[in-house]
1. Highest mean first, what order results for 222-231, 84-93 on Cβ atoms within 10 Å?
2. What does the extension gain come out to for S94 and T215, with contour length at 0.36 nm per residue minus their alpha carbon separation?
3. Starting at the first residue of segment 215-222, write each ³J(HN,Hα) from the Karplus equation 6.51 cos²θ - 1.76 cosθ + 1.60 with θ = phi - 60°, in whole Hz, x for Gly and Pro.
4. For every other residue with a beta carbon closer than 11 angstrom to the beta carbon of V234, add +1 if it is Lys or Arg and -1 if Asp or Glu, then tell me the sum.
5. Considering amide H positions built from the backbone, and no H for Pro or chain starts, which residues 5 or more places from G107, or on another chain, come under 5 Å of its amide H?
6. Using the Karplus curve 6.51 cos²θ - 1.76 cosθ + 1.60 with θ = phi - 60°, what ³J(HN,Hα) values do you get for each residue of segment 106-114, in whole Hz, with x for Gly and Pro?
7. Straight-line reach only, C-alpha to C-alpha below 28 angstrom: list the lysines that K158 could link to, leaving out same-chain residues fewer than 8 apart.
8. Viscosity 0.890 mPa s, temperature 25 °C: Stokes-Einstein D of segment 71-116 from its Kirkwood Cα radius, in µm² per second?
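Coordinate-derived values only; no laboratory data. Note that the structure is predicted; figures quoted are calculated from it, not measured. Cβ sites come from the backbone with ideal geometry, for glycine too, and all protein chains shown count toward neighbours.
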Amino acid sequence: RVYDDLSDAALPPEQRVPRQIVSVFLCPSGLPTSVVTNTISFSGTRGDLVASGNYMVCYGSGTGRHYDTTFGTNDGVVSKRIYKGLESITDGTSNTLFFSEAIIGDGTKTTSEAPDLATPWTRTATNGSAATSDWSPTWLTGEQGIPGVNATTESWLKTYMTSNTTAYSGLRGFAWVVGEPYATGFCTFSPPNPPYTDWCNNFGMGFMSARSFHTGGVNASYADGSVIFVANSVNGQIFRRMGSINDGGADLPQ
């Protein structure tokens, strides 16, 4: 469906389609906001309206260099610029996560104000400068990814991102039509609903978590379509394996 005051048949498709509110893309337990003003250009002008979504595709475990979807180095079902068929899921579709819930951000644009730790999902760390354009990274070097980063443990993520973050954005899940991790992706590096903010940039690098307002965890689905409730207390190593398509995963929660 489309908001009545936004449906304008005179608009070109690139403006009309992204603002369509698809009810199945929204979790009933999520925030009521389903349309936000974004800063990404679909039509040659900034500030187009787009419809948000709670359901994210898995881009992998986030370990090592698998936080980077841009150059196909991630180990999840979905990558940017690289096609993966069912034959790529060598762990088996019943052992590999495909979708999960996430919570839509508060819609703020780049700011130096960090989210309250009681509501870490509201803003995502961008590691850009609040004085520059939205999602502007300051420490990336092309195909080398993030200098010095080889993700290993959850405690590393909390320490590294806390000490290197200069800007935040509330655009998590802001548009179901945008193929970037901060908009439509998640990885399994951290267990569901971690008590710290996510991090990502518009180049497709980062650590975006599965999150929900359900008590104790999130709903997710394997690549075979089966649905599972993953508890916040899930073993971190097991959860990372659930996000990988090719780590030899076995004995995963069913």
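1. Result, highest mean Cβ count within 10 Å first: 222-231, 84-93.
2. Between S94 and T215, full extension yields 41.1 nm more.
3. Once rounded to whole Hz, the list reads 5, x, x, 9, 8, 9, 9, 7.
4. Working: positive: R240, R241; negative: none.
Residues near V234 contribute +2 overall.
5. Amide H to amide H, under 5 Å and 5 or more residues apart or across chains, G107 pairs with G170, L171, R172.
6. So the J values, rounded to whole Hz, are 7, x, 5, 8, 4, 8, 8, 7, 6.
7. Straight-line reach from K158, under 28 Å: K80, K109.
8. Values: Rh = 13.9 Å.
Stokes-Einstein gives a translational diffusion coefficient of 176 µm²/s.
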